Every structure is written in C-alpha cells, then in structure tokens.
1. For the structure I just gave you, tell me whether residue 77 is out of contact with any Ser or Thr (no Cβ under 8 Å at 6 or more places or on another chain) and at positive phi.
2. What single numbered condition from (1) out of contact with any Phe, Trp or Tyr (no Cβ under 8 Å at 6 or more places or on another chain); (2) open to solvent by less than 30 Å² (accessible area, probe 1.4 Å) fails to hold for residue 105?
3. So which of 126, 99 is out of contact with any Lys or Arg (no Cβ under 6 Å at 6 or more places or on another chain), at pLDDT 90 or above and charged (D, E, K, R)?
4. Return the residue satisfying two criteria in turn: it lies in the range 78-102 and is more than 19 Å from residue 167 (Cβ to Cβ) and small (Gly, Ala, Ser), and of such residues it is surrounded by the most Cβ atoms within 10 Å (Cβ to Cβ).
5. Sort out which residues of the range 105-142 are closer than 15 Å to residue 87 by Cβ and of a type outside the set (A, V, I, L, M, F, W, C), and write them in order of number.
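The values are calculated or read from the model by the stated rules, or taken from the named source; none is laboratory data. Source: prediction; values computed, not measured. Glycine also receives a Cβ, built like all others from the backbone with ideal geometry; neighbour counts cover every protein chain displayed. Each accessible area value is taken on the protein alone, full model and side chains, heavy atoms only, with ligands, DNA and RNA left out. Shrake-Rupley method; radii C 1.70, N 1.55, O 1.52, S 1.80 Å.
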Amino acid sequence: MLTLYFYYKFRKRPSLLSAPINSVLLFLTGTVCATPLLSATGPMAAPRETFRGRVLLSLEPGSKPFTRQEIIGFVIGSVSSVLYLLSRLPQIRTNFLRKSTQGISYSLFALVMLGNTLYGLSVLLKNPEEGQSKGSYLLHHLPWLVGSLGVLLLDTIISIQFLVYRRSTPASELEPLLLPS
C-alpha cells in the first residue's frame, strides 16, 4: 500500500521538492519496518512439549484473565473485524442488483482470499505461549480469526457471483441508449 501511495504521489505532483521529500519518507518507512527484522538475534528453538490433544475454546483452571491492555486490543480487533466484514456487503449487493461483476478485478479478490486463508491458518496453527492453553489463545485471537475467515466467506460469495454473472449481460446493457423517434 505504501509503495502504491508513493508511486502515485510521485506521478501526480511533479514539483521540485516533492520527489526528494517522498524519497526520504519512503526510505524512513522502509528502515523503520525492516529494523526489527534485521536486529533479531539468532534463531531460537521452541521448547519441546508433549502432545496434549486439542480442546478448543476451553479455559483451563490456571488461565490468566485478560489484562486491561488485552481488553482494549480485543475491543479494537472486534470493531476492526466487524468493519472488515461489512466492507464486502455493498459490493455483493451491487453485483446482485446489476447482475454483473463488471469493473471488479477478480485477481484482487483471489489474492485477498489467499491472504486471508494463510493468515487464518497461521493463527490456528501457531502454538500458544508458555502457560497459555489453546482455548485461551484462540479466544484472545478470535476477532482476527472472525475477520479473516469471515471475509474469506464473503469473498467466496463474490467469486460465485463472478462465475454466475460472467456470461450474462445485464438488461440495461441490452437496451439501446437512444430510442428511435
């Protein structure tokens, strides 16, 4: 997203100072994003655990409750998840009313579907922190799972609309623009 922003910023504003300023901002953004990755110490081995089976969304007696910071993060994540889910509904409705998906890039939806699938799987397959049960871990990450996997379902509906509407021509496109007099 930042790359696209700076690309169009360069093209739309050909003033003398905007290019150097944008270059510096792009460099600083890249440096800030890459510094944590480059400063990490060597690989760390995960502690070995015995297999305990899977118990979803069950809290063990020793589970710690949410801290205040975790509650704030959970609420923000929940609001973000709801907004992310609601973002697809206008497109689904518009496609349904027009009986067309013209003007929509299917490759965008395919890549978003792949990204949401991989993100959801990464959360589901990650091991909980030391002393945290799998149920507690999933409960803490539930808003992000609902957001990514829920939008995956809505993007699947848009994909079905691509298949259903790909050969049909909307009735408004069959009518002539000018009626004979």
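1. no
2. It fails just one condition, (2).
3. Numbers: 126 fails: at pLDDT 90 or above.
Sole residue among the options that is out of contact with any Lys or Arg (no Cβ under 6 Å at 6 or more places or on another chain), at pLDDT 90 or above and charged (D, E, K, R): 99.
4. So, considering only residues that are more than 19 Å from residue 167 (Cβ to Cβ) and small (Gly, Ala, Ser), the one surrounded by the most Cβ atoms within 10 Å (Cβ to Cβ) is 81.
5. Of all residues in the range 105-142, those closer than 15 Å to residue 87 by Cβ come to 108-109, 112-113, 115-116.
Correct list: 115, 116.
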